[in-house]
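Values in this text are rule-based calculations from the coordinates and carry no lab data. Here the structure is a predicted model, which means the values were calculated and not measured. Ideal geometry is used to build each Cβ from the backbone, glycine not excepted, and the neighbour counts take in all protein chains shown.
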2 protein chains.
Amino acid sequence: MEMLPSLNTPFAPLVRRIVAEATVVNDRILKIDHFLNHRVEPEFMAAMGAELAERLRPFAPDLVLTAEASGIAPALATATALNRPMLYAKKYSPVVEPPALARVIPSPTKGGETMLMVSARYLQAGMRVVLVDDFLANGKTALALAEIVAEAGAQLVAAGFLVEKCFQDGRSELTARAIPIATLAQVERLEDGNVVMRHA
Amino acid sequence: MEMLPSLNTPFAPLVRRIVAEATVVNDRILKIDHFLNHRVEPEFMAAMGAELAERLRPFAPDLVLTAEASGIAPALATATALNRPMLYAKKYSPVVEPPALARVIPSPTKGGETMLMVSARYLQAGMRVVLVDDFLANGKTALALAEIVAEAGAQLVAAGFLVEKCFQDGRSELTARAIPIATLAQVERLEDGNVVMRHA
């Protein structure tokens with residue numbers, strides 16, 4: 001599937017803040033938790049959600065799906081702009097008895113594995129679903145959610161992310177499954193403590 | 001501290017939906033996850049956030065604090081209406097080495113214990129903080145966050161909740177610490193599969 005350039009046009013307000021404010025921990029990890037996934041600035045989050053909503057609206061979604069916890073703020077902001085409900089997969093210890101719509105994924109920041117779970121009551125056959133999350137990195141959360149959507153008989157029509165880490169495999173994993181991707185900022189690589197953006 | 005009645009006036013749109021739509025699992029547990037803490041309706045969440053913001057605004061908060069995951073949506077909605085940043089405590093396995101601002105709490109739904117953690121960078125001495133969460137039940141999360149706020153040298157000026165379970169000890173625990181409480185709906189008890197509201 002060809003990448004639609006407009007889906008991945010850099011969103012200047014976000015790109016500027018990443019370049020100016022991100023903390024580069026090492027050549028794999030950048031921290032922008034002061035406005036993205038720990039502290040949230042409502043007005044800026046709403047602006048990012050509105051921008052992502054504009055790119056996802058042509059896919060005519062019925063539902064915005066994400067995973068707790070860092071996906072909730074961007075998904076709610078996007079769902080608000082789309083005027084569609086937002087559903088977040090809950091995370092449980094994999095020892096909990098797995099119900100219908102669940103997948104186990106690795107949990108690098110929290111250690112071990114975690115189970116993503118969605119109630120079948122809210123994800124129904126025939127629904128057009130867009131996935132929204134803060135980061136597209138290795139794509140494991142996105143793929144688990146895509147499998148859950150497929151198992152529900154719903155259709156994952158597109159996936160939107162605030163920040164793509166281009167040096168990880170997430171995009172190719174999703175593209176291989178023909179899932180269109182929208183991103184607002186694309187981090188090409190992390191180098192000597194600096195963030196190198198793709199389209200800079 | 002005397003309870004200010006206006007802080008706990010039932011918010012009719014929420015009370016109506018709880019009475020009409022809540023699933024009463026047993027005499028301790030009610031589920032309203034179709035619009036509160038699994039599936040979220042952005043417009044309704046914004047209305048609840050606006051209402052809570054109106055009650056919390058007189059406390060002149062600098063920051064809205066909550067805990068992941070179910071607190072994020074109501075806290076973001078409230079922070080949006082207050083035009084203040086929102087900070088959510090992250091949850092980690094207690095085996096992670098505890099940094100400065102952290103407390104271990106029981107995790108009934110996820111099993112065992114979990115650690116609430118806030119970066120000291122975003123919770124600073126002198127800040128006026130309001131706590132926002134979906135439920136006030138036994139108050140353990142709220143008390144842990146109150147301790148974190150105190151440890152940071154900040155001031156917890158009030159706490160707001162969408163739903164209070166009056167048959168648990170949360171209110172008395174917070175009131176004993178002189179923390180003003182705002183709630184939008186008060187569940188007096190669960191009885192024979194029905195929800196009995198306090199002010200009905």
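With the simple model of a label 7 Å out from the Cα in the direction of the Cβ, A:Arg177 to A:Ser6 spans 2.6 nm. Between the listed residues A:Pro42, A:Ser70, A:Ile32, the Cα displaced farthest toward the positive end of the dipole of segment A:12-80, a dipole computed from Cβ unit charges relative to the Cα centre, is found at A:Ile32. Look at where the Cα atoms of segment B:26-82 and of segment B:163-183 average out, and the two centres are 16 Å apart. With a Förster radius of 30 Å applied to the C-beta separation of A:Arg16 and A:Ser93, the computed FRET efficiency comes to 0.15.
In whole percents, the pair-distance distribution calculated for segment A:42-148 from its alpha-carbon pairs, binned every 10 Å from zero, is 15, 47, 31, 7. Label-to-label distances for B:His199 across copies, nearest first, come out at 5.0 nm, using points 7 Å from Cα in the beta-carbon direction. For segment B:62-199, the share of DSSP beta bridges that are antiparallel, to the nearest 5, is 40%.
With N counted as the residues of segment A:77-200, its alpha-carbon radius of gyration over 2.2 N^0.38 Å works out to 1.12.
Once divided by 2.2 N^0.38 Å, the Cα radius of gyration of the protein assembly as shown becomes 0.96.
Take the cross-link list B:Lys31/B:Lys90; A:Lys140/B:Lys31; A:Lys90/B:Lys165; A:Lys31/B:Lys140; A:Lys140/B:Lys140 and give me the ones stretching past 31 Å between alpha-carbons. Over 31 Å Cα-Cα: A:Lys140/B:Lys140. Placing a label point 7 Å from the Cα of B:Asp169 along the Cα-to-Cβ direction, the distances to the matching points in the other copies come to 5.0 nm, shortest first. Placing +1 on the Cβ of every Lys and Arg and -1 on the Cβ of every Asp and Glu, with no other charges, gives segment B:1-64 a dipole of roughly 140 debye about its Cα centre. Label-to-label distances for A:Gly153 across copies, nearest first, come out at 6.0 nm, using points 7 Å from Cα in the beta-carbon direction.
Among the chymotrypsin sites (Phe, Trp or Tyr not before Pro) in segment A:96-188, none sits in a DSSP loop with a Cβ that has at most 12 other Cβ atoms within 10 Å. Here the simple spin-label model places points 7 Å from the Cα toward Cβ, and for B:Gln155 and B:Asn194 these points are separated by 4.6 nm. Remark: A:Glu43, B:Glu51, B:Glu188 ranked as A:Glu43, B:Glu188, B:Glu51, counting other beta-carbon atoms within 10 Å and listing the fewest first.
Quick one: longest stretch of chain B between exposed loop trypsin sites (Lys or Arg not before Pro), exposed meaning at most 13 other C-beta atoms within 10 Å and loop per DSSP?
Numbers: sites that count: B:Arg28, B:Arg121.
In chain B, the maximal stretch lacking such sites is B:29-120.
As a rough footprinting exposure proxy, the listed residues A:Ser93, A:Ser6, A:Ser70 were ranked by other beta carbons within 10 Å of their own, and the order from fewest upward is A:Ser6, A:Ser93, A:Ser70. Based on alpha-carbon atoms, the Kirkwood radius and the radius of gyration of segment A:33-72 give Rg/Rh equal to 1.01.
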